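The values are calculated or read from the model by the stated rules, or taken from the named source; none is laboratory data. Please read these numbers as outputs of a predicted model, since none were measured by experiment. All Cβ positions, even for glycine, are placed from backbone atoms using ideal geometry, and neighbour counts span all protein chains on display. To get the accessible areas, we keep the full protein, side chains included, count just its heavy atoms, and leave off ligands, DNA and RNA. Shrake-Rupley method; radii C 1.70, N 1.55, O 1.52, S 1.80 Å.
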Amino acid sequence: YHIEPIKPEYDDQVCHIIKSVGHEFNAIGEGFGPGDAEVTGMSQYYSDENKSIYQVGFINHQLVGGCGIAAYSHSPDTCELRKLFILPESRGYKLGQALTISCLEYARSKAYDQCYLETLTSMTAAIALYEKLGFRFLTEPLKGSLHNSCNVWMIKDL
């Protein structure tokens, strides 16, 4: 696989991936990541000047997924791991792990102290990955959460 920062020419493909994987896990509509306005133009929302990045992953030169980091609710200290979505046929290659690790390394380079994430109990493979990478469960979302339909909240010290 190959990982690189998102470019405007990838926006349509990334939007399709996020929405189709969201549909697979019934994460549709308001309160879920795939329903966020940024999904239609991810490259416009993630930039180094905003201490954010969205990485895309390729397998055999095909864009198959992505993952991002951005400040959580405008916090200077806490970032959020965002929109880790991999097409079903591209799972099992450890691309999700590589994307997540790349994003966490970026977060450390921007001096974030913690990384927060929100997901769904049905995303068992993602939750197992997050646990493996040192995220711990929270009993409720952090204040300022926009994804009120998510039911798993996790955090990691960086």
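Okay, here's what the table says:
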{"quantity": "Unmet requirement for M123, which otherwise passes all of (1) touching a residue at least 60 places away in the same chain (Cβ under 8 Å); (2) in contact with a strand residue (DSSP E or B) (Cβ under 7 Å, 6 or more places away or on another chain); (3) farther than 20 Å from I6 by Cα", "calculated": "(2)"}
{"quantity": "Contacts under 8 angstrom Cβ, first residue in segment 137-148 being at negative phi and of a type in the set (S, T, Y), partner in a loop (DSSP other than H, G, I, E, B) and open to solvent by less than 100 Å² (accessible area, probe 1.4 Å), 6 or more apart", "calculated": "S145/S73"}
{"quantity": "Matching residues, segment 130-148, being at pLDDT 95 or above and crowded, with 18+ Cβ neighbours inside 10 Å", "calculated": "Y130, F135"}
{"quantity": "Hits in segment 107-116 (condition: loosely packed, with under 14 Cβ neighbours inside 10 Å and assigned to a loop (DSSP other than H, G, I, E, B))", "calculated": "A111, D113"}
{"quantity": "Qualifying residue in segment 85-106 (condition: among the small types (G, A, S), exposed (fewer than 14 other Cβ atoms within 10 Å of the Cβ) and more than 20 Å from S20 (Cα to Cα))", "calculated": "no"}
{"quantity": "Residue satisfying all of: in segment 48-72; open to solvent by 20 Å² or more (accessible area, probe 1.4 Å) and within 15 Å of the chain's Cα centre (by Cα); nearest to I17 (Cα to Cα) among these", "calculated": "I53"}
{"quantity": "Within segment 125-149, tally of residues that are hydroxyl-bearing (S, T, Y) and more than 15 Å from the chain's Cα centre (by Cα)", "calculated": "2"}
{"quantity": "For A128: the one exception among (1) more than 15 Å from E80 (Cα to Cα); (2) assigned to a loop (DSSP other than H, G, I, E, B)", "calculated": "(2)"}
{"quantity": "So E80, is it closer than 17 Å to G31 by Cβ and touching a His at 6+ places or on another chain (Cβ under 9 Å)", "calculated": "no"}
{"quantity": "Every pair of residues 6+ apart whose Cβ atoms lie under 8 Å, when the first sits in segment 20-33 and is under 16 Å from L87 (Cβ atoms) while the second is of a type in the set (S, T, Y) and open to solvent by 30 Å² or more (accessible area, probe 1.4 Å)", "calculated": "F25/S122; A27/S149"}
